[in-house]
Amino acid sequence: MKIFTVTKNELIYFGTAAIIFMIATILFGNYGLRASRVNAENEYIKWIEFNARLSSLQKAMKFDIDSYATETPLCWIELLSYAAAKNWGNMKDEKNINKYIDECAKKLNDGATIEELTADLKLYNYFYETYYSVLGGFLGEYELVENNIATRKYGLKVFSPIAKNYGYSHYDDFGNSRSYGYRRRHLGNDLIGSVGTPVIAVEDGYIEALGWNQYGGWRVGVRTHDAKRYYYYAHLRKDHPFRTGLKEGDFVQSGDVIGYLGMTGYSIKENVNNIQTPHLHFGLQIIFDEVQKDGINQIWIDVYNIIKLLEKNRMSVVRDAEAKDFDRNIKINNIATD
Ligand SMILES: [Zn+2]
């Protein structure tokens with residue numbers, strides 16, 4: 001029994017129609033894309049990856065800090081962007097990247113300007129904007145206050161999210177598969193530690209989200225002053241997840257205690273420990289345009305090497321027995337740079 005028959009002519013018609021459809025898709029699909037790119041009123045970066053290795057970050061940062069008070073101050077973001085542009089964005093190739101960082105520093109010290117050095121590097125501006133969006137708030141001037149005496153300093157002014165003297169372990173788990181709710185990629189770094197470990201605000205910012213989320217459990221999100229970075233701290237402790245009194249809209253300074261490591265999450269019901277291993281999920285979202293805040297356009301970067309960079313910059317804390325909370329133990333006055 002024949003269920004379905006086609007004549008030779010019908011086959012030709014069908015085939016021709018399919019080819020026309022394909023050509024039209026290619027032509028108009030491309031045209032549409034090109035038109036939307038050109039017509040976009042606000043050009044902004046749609047996607048970045050952050051693959052700079054620890055040794056490259058440390059090398060560039062050292063050049064920057066060591067040269068700060070000299071006649072030729074070097075900017076670590078310029079050094080990294082130069083190296084990235086020279087090496088076609090392959091930051092994982094740290095041997096060559098570090099060679100280009102040295103090369104750039106030497107040429108700048110010899111009197112060249114960064115404009116001269118990058119005039120022919122087409123990708124330089126893209127990388128500069130990329131690295132500035134991630135690292136722009138990391139180095140700067142600040143006042144360290146000890147025994148009521150303020151000393152002016154220049155260096156790293158962001159802190160590790162894990163308080164000093166609390167152990168943790170981690171590996172580069174960015175992009176790993178996760179299956180709770182729906183299949184998705186892991187968009188952060190899990191710092192495995194003990195329940196109750198004080199969680200520290202990495203950078204200054206405003207609390208944009210604070211409360212329960214079925215994935216992150218008790219979680220807090222901090223948006224930087226320039227609105228470009230959103231720090232996400234999740235799976236905080238059951239019953240007492242946040243520093244007492246902390247609420248949406250509050251300003252937090254880098255180094256402030258904001259919450260406590262725990263194992264909440266993976267539950268629609270609030271205040272449930274459904275995470276197997278106590279850990280802090282730490283994520284960093286980069287936002288060039290508000291349309292990238294939610295939905296499919298989000299950009300989360302691999303923070304593993306940033307955590308490594310911040311490992312030595314950890315806030316010591318003291319226990320406030322009365323409030324059952326911890327406080328930062330080092331006072332720092334931030335100096336506005338913009
Ligand atoms: Zn995680």
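The values are calculated or read from the model by the stated rules, or taken from the named source; none is laboratory data. Since the model is a prediction, treat every value here as computed from it, not as a measurement. Don't worry about glycine lacking a Cβ; one is built from the backbone with ideal geometry, like all the others, and counts go over all protein chains shown.
Right, GLY193: buried (at least 23 other Cβ atoms within 10 Å of the Cβ), farther than 14 Å from ILE258 by Cα, touching a residue at least 24 places away in the same chain (Cβ under 8 Å) and within 15 Å of the ligand (Cβ to nearest atom) or not? Criteria not met by GLY193. Condition check for TYR154 on (1) over 21 Å from GLN298 (Cα atoms); (2) surrounded by 14 or more Cβ atoms within 10 Å (Cβ to Cβ); (3) out of contact with any helix residue (DSSP H, G or I) (no Cβ under 8 Å at 6 or more places or on another chain): one failure, at (3). Return a yes/no flag: does the stretch 33-53 have any residue that is part of a helix (DSSP H, G or I), at pLDDT 95 or above and within 18 Å of LYS308 (Cβ to Cβ). For the stretch 33-53, residues part of a helix (DSSP H, G or I), at pLDDT 95 or above and within 18 Å of LYS308 (Cβ to Cβ): absent. Against the condition in contact (Cβ under 8 Å) with a residue 40 or more places away in the chain and among the hydrophobic types (A, V, I, L, M, F, W, C), how does LEU210 come out, does it pass? No, not satisfied. If you take the residues of the stretch 135-174 that are of a type in the set (A, V, I, L, M, F, W, C) and farther than 30 Å from HIS186 by Cα, which of them is farthest from the ligand (Cβ to nearest atom)? So the residue we want is ILE149.
So for the stretch 132-145 (the condition being of a type in the set (Phe, Trp, Tyr) and assigned to a helix (DSSP H, G or I)), does at least one residue qualify? Yes, the stretch 132-145 contains a residue that is of a type in the set (Phe, Trp, Tyr) and assigned to a helix (DSSP H, G or I). Of all positions in the stretch 85-92, at least one carries a residue that is more than 22 Å from ALA336 (Cβ to Cβ) and aliphatic (A, V, I, L, M).
Among residues of the stretch 278-298 being among the β-branched types (Val, Ile, Thr) and surrounded by fewer than 19 Cβ atoms within 10 Å (Cβ to Cβ), the one that is farthest from the ligand (Cβ to nearest atom) is VAL291. Among the residues making up the stretch 163-181, a single one is in a strand (DSSP E or B) and at pLDDT 95 or above: SER169. Do we have any residue at all in the stretch 177-187 that's under 26 Å from LYS308 (Cα atoms), in contact with a strand residue (DSSP E or B) (Cβ under 8 Å, 6 or more places away or on another chain), assigned by TED's automatic domain parsing to the domain that holds HIS279 and in contact (Cβ under 8 Å) with a residue 60 or more places away in the chain? Looking for residues that are under 26 Å from LYS308 (Cα atoms), in contact with a strand residue (DSSP E or B) (Cβ under 8 Å, 6 or more places away or on another chain), assigned by TED's automatic domain parsing to the domain that holds HIS279 and in contact (Cβ under 8 Å) with a residue 60 or more places away in the chain, one finds at least one in the stretch 177-187, hence yes. Of all residues in the stretch 312-333, none satisfies being crowded, with 18+ Cβ neighbours inside 10 Å, of a type in the set (Phe, Trp, Tyr) and closer than 22 Å to MET61 by Cβ.
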